[in-house]
Amino acid sequence: MPWPVLVNVRWASAWAGFRPLRAGATEPAGDGWRVALVPLLDDGRFDQILVYLRGGRDAGDGEGNLRFVVETALSRLGRMQFDGLVAGQLFDLLIRALAPLPAAMRANIGEIFERVSAAGGSGGALRFHVVTAFPVAPLESSGPVAAGVFA
């Protein structure tokens, strides 16, 4: 039995409301990015995570490199972007935030990144940037988008 059958009717109904947004991931937005809006249930209310994808095995570039950006807003840290590039055994990750992350948090994230890279036999780099605006914003470059979550 598929997992959606197991959830309550109210959640399933709200999830169905995201169908048009989820379908947009297959159609490129600005600069060839595919965009998916992923619903997130946070403390009884729906929010969304933006996922931008470009490249990959089916991109036709012959290399199979995948670039992804995950954008979210965290209650304590604010809006953030996780910008990654996967190219063979290389995995680079850039974490952008509108305010500096605490030093202890950056150190913990760095340790996790190193452990996962070592365990997976991959190389790459982790960087942190504080920005005033996110440079990767395909929804803004593809025209007006309504704010908020639709359910």
Give the residues of the stretch 79-106 that are in contact with a strand residue (DSSP E or B) (Cβ under 7 Å, 6 or more places away or on another chain) and not in a strand (DSSP E or B), sorted by residue number. Q89, L98, A99, P100, L101, R106
Do the conditions hold for L93, that is, is it at pLDDT 90 or above and touching a Ser or Thr at 6+ places or on another chain (Cβ under 9 Å)? no
Of the numbered conditions (1) part of a loop (DSSP other than H, G, I, E, B); (2) of a type in the set (A, V, I, L, M, F, W, C); (3) modelled with pLDDT of 90 or more, I109 satisfies every one except a single condition; which is it? (1)
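Each row is one residue, and each column tells you yes or no for (1) modelled with pLDDT under 80; (2) of a type in the set (V, I, T); (3) not in a strand (DSSP E or B).
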{"position": "A25", "(1), (2), (3)": "yes, no, yes"}
{"position": "D31", "(1), (2), (3)": "yes, no, yes"}
{"position": "A36", "(1), (2), (3)": "no, no, no"}
{"position": "F46", "(1), (2), (3)": "no, no, no"}
{"position": "R54", "(1), (2), (3)": "no, no, no"}
{"position": "D58", "(1), (2), (3)": "yes, no, yes"}
{"position": "D61", "(1), (2), (3)": "yes, no, yes"}
{"position": "G64", "(1), (2), (3)": "yes, no, yes"}
{"position": "V69", "(1), (2), (3)": "no, yes, no"}
For a quick check of your reading of the model, give me the residue pairs whose first member lies in the stretch 86-107 and is without any contact (Cβ under 8 Å) to a residue 60 or more places away in the chain and on the phi < 0 side of the Ramachandran plot, whose second is part of a strand (DSSP E or B) and among the charged types (D, E, K, R), with beta-carbon atoms closer than 6 Å and at least 6 apart or on different chains. L94/D83; L94/R127; L98/R79
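The values are calculated or read from the model by the stated rules, or taken from the named source; none is laboratory data. Remember, it's a predicted structure, so these values are computed and weren't measured experimentally. Don't worry about glycine lacking a Cβ; one is built from the backbone with ideal geometry, like all the others, and counts go over all protein chains shown.
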